[in-house]
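Asks: Below: one structure in structure tokens.
The values are calculated or read from the model by the stated rules, or taken from the named source; none is laboratory data. In this text, all values refer to a predicted model and were calculated from it rather than measured experimentally. Neighbour counts run over all protein chains shown; Cβ positions are idealised from the backbone, glycine included.
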Amino acid sequence: MPQQPKPTLVQQSESGVTFKVRVQPQASRNQVDGISGDKLRLRVTAPPQDGKANLAVISLLAETLGVPKTRLRIIRGHGSREKTVQVSLITPDDVERAFKAFHD
């Protein structure tokens, strides 16, 4: 049986890269929880109210990628657990390298 191609986590965009995340708000701690299919799984302690969980997502990803928070923005899914995040001035290889430890 032929192998299925591995889903691509990171997509190149005009000003950097985009990728999808699945967020669990009100978790016991802030952490990257792994990769499932084409999404990065995140846990954040912040509640999903008034954008607090979104800010926690940006902070966690900035720390994980080693970039300033100002380079990240949520471009889709502000009120949803499933989000698309854009990171400017970074290559897909840099992001894949940072997330490599979280592959299942």
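Asks: Report, by residue number, each residue of the stretch 52-76 that is small (Gly, Ala, Ser) and surrounded by fewer than 17 Cβ atoms within 10 Å (Cβ to Cβ). Spell out how you get there, then give the answer.
Replies: Of the stretch 52-76, the ones small (Gly, Ala, Ser) are 53, 56, 59, 62, 66.
Answer for the stretch 52-76, where residues must be small (Gly, Ala, Ser) and surrounded by fewer than 17 Cβ atoms within 10 Å (Cβ to Cβ): Ser59, Ala62, Gly66.
Asks: Inside the stretch 74-95, can you point out the residues that are under 15 Å from Val17 (Cα atoms) and assigned to a strand (DSSP E or B)? Write out each step before concluding.
Replies: Restricting attention to the stretch 74-95, the residues satisfying the condition of being under 15 Å from Val17 (Cα atoms) are 74-76, 83-95.
Scanning the stretch 74-95 gives Ile74, Ile75, Arg76, Lys83, Thr84, Val85, Gln86, Val87, Ser88.
Asks: Any chance the stretch 9-32 includes a residue that's surrounded by fewer than 12 Cβ atoms within 10 Å (Cβ to Cβ), small (Gly, Ala, Ser) and either under 20 Å from Phe102 (Cβ atoms) or modelled with pLDDT of 95 or more (or both)?
Replies: Yes, the conditions are met somewhere in the stretch 9-32.
Asks: Also, I was wondering about something else. Any chance you could count how many residues in the stretch 33-56 are modelled with pLDDT under 95 and more than 12 Å from the chain's Cα centre (by Cα)?
Replies: Here the count works out to 1.
Asks: Criterion first (in contact (Cβ under 8 Å) with a residue 12 or more places away in the chain and surrounded by fewer than 19 Cβ atoms within 10 Å (Cβ to Cβ)) does Thr84 satisfy it?
Replies: Against the criterion (in contact (Cβ under 8 Å) with a residue 12 or more places away in the chain and surrounded by fewer than 19 Cβ atoms within 10 Å (Cβ to Cβ)), Thr84 qualifies.
Asks: List every residue pair whose Cβ atoms sit under 8 Å apart, with the two residues 6 or more apart in sequence or on different chains, where the first one lies in the stretch 42-59 and is over 8 Å from Val23 (Cβ atoms) and the second, anywhere, is aliphatic (A, V, I, L, M) and loosely packed, with under 15 Cβ neighbours inside 10 Å.
Replies: Hits for this filter: Ala46/Leu55.
Asks: If I ask for residues that are aliphatic (A, V, I, L, M) and surrounded by fewer than 11 Cβ atoms within 10 Å (Cβ to Cβ), which ones from the stretch 87-102 would you list? It would help to see each step written out before you state the result.
Replies: Kept after step one, since they are aliphatic (A, V, I, L, M), are these residues of the stretch 87-102: 87, 89-90, 95, 98, 101.
Listed by number, the list holds a single entry, Ala101.
Asks: Return a yes/no flag: does the stretch 60-73 have any residue that is assigned to a strand (DSSP E or B) and free of Cβ contacts under 8 Å to residues at least 24 places away in the same chain.
Replies: Step one: list which residues in the stretch 60-73 are assigned to a strand (DSSP E or B), which gives 72-73.
Next, only the ones that are free of Cβ contacts under 8 Å to residues at least 24 places away in the same chain stay: 72-73.
Yes - at least one qualifying residue is present in the stretch 60-73.
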